[in-house]
Each structure stands twice: as C-alpha cells, then as structure tokens.
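Inspection log for the structure reproduced underneath, given as structure tokens.
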C-alpha cells in the first residue's frame with residue numbers, strides 16, 4: 001500500500017499543469033516636461049523621458065527607449081500645402097493601418113482662443129500603429145504624428161504605453177504655441 005501511495009505521489013507531481021498567460025505590469029515614472037529644442041514656427045513641451053530628434057523641415061521624432069516606441073511628427077506650412085490634401089493623406093494613412101476589422105476611438109482637443117484644433121485616433125486592435133494624431137490652426141499650420149513600437153503588435157500588452165504616450169501628446173497639444 002505504501003509503495004502504491006509513493007508511486008501515485010511521484011506520478012501526480014510530474015503531471016504537467018497549464019499555466020495562465022501572464023501580462024507584463026508596466027509602470028512608468030511620472031512625466032516631467034521641458035521645452036522642445038527647435039527653431040520652428042511653433043514651440044511645445046515634451047516629456048524628458050523621451051529623446052528628441054529634429055529632422056529637416058521641422059519634422060521631428062520622440063523616442064521612448066524603455067517602451068521601444070517612437071512618435072514621428074510632421075509639420076506642414078499651410079501657405080505651401082492645401083489642408084484638404086493633408087487631411088486626405090492623414091485619413092489614407094489611418095485607413096491603411098486599419099485594414100483588418102478594428103475599432104477606432106477618436107477624441108478631440110479644441111482651444112479656439114489659441115487656434116489649436118487637435119484629434120487623436122486610437123486603433124484598438126493589433127495594428128502596426130495604434131495612435132495617430134493631428135493638430136492645426138486651420139490657417140497656417142498643420143502637424144500630424146504616428147506612434148510605432150519596435151515590438152510585435154499586441155494592443156492589450158501595449159495599452160499602458162499607448163496611454164502614457166497619448167497623455168504626452170495631449171501635453172504637447174496643450175503647451176503648443178504657434179509663432
């Protein structure tokens with residue numbers, strides 16, 4: 001009887017048990033903002049957690065190395081570009097990232113006194129880019145951006161990082177001043 005019990009104990013301990021999928025708990029430090037170091041027709045604050053890189057024509061990017069994320073921003077002078085064309089290109093890029101059945105959550109920002117009108121588009125699926133952004137004064141300036149991760153698209157896992165960066169873009173929009 002003892003041998004049978006020991007046998008069941010040994011066999012019972014080696015039986016594989018499935019483990020539930022774990023999710024990464026991502027906590028990020030509170031943001032601290034500083035003014036962007038660029039000579040362009042606008043100024044704004046960006047998160048010092050990100051690294052800032054200015055390209056030509058006031059295009060710039062903000063990298064978040066700890067999140068493996070990068071926001072690419074483009075600026076257009078509306079004296080040189082048609083706003084309708086920019087909206088059309090923006091919408092085409094947005095639709096390109098949502099070819100699969102995906103839900104898009106849209107939110108907006110408006111400050112008519114400061115001539116700032118912004119829109120945020122969050123794609124709630126495993127898309128290559130989950131966040132698209134634009135802000136304009138509708139007369140002279142148009143800025144758009146897109147968020148990319150250097151990781152396999154998984155909306156549920158990336159959600160905390162997406163929300164963190166979305167808050168940074170809201171701060172950018174609120175602090176933005178056209179020159």
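Below are the figures for this structure:
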item: Ranking of 169, 78 by count of other Cβ atoms within 10 Å, fewest first; result: 78, 169
item: Pairwise centroid distance, computed over Cα atoms, of the stretch 108-179 with the stretch 26-86, Å; result: 10 Å
item: Unit Cα scatterers, Debye sum, the stretch 68-171: log10 I(q)/I(0) for q = 0.13, 0.15, 0.23 Å⁻¹; result: -0.47, -0.62, -1.28
item: Sorted by Cβ neighbour density within 10 Å, fewest at the top, the residues 142, 159; result: 159, 142
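Where a number appears in this text, it was derived from the coordinates with a stated rule and is not lab data. Given the structure is predicted, the values throughout are model-derived calculations rather than measurements. Glycine also receives a Cβ, built like all others from the backbone with ideal geometry; neighbour counts cover every protein chain displayed.
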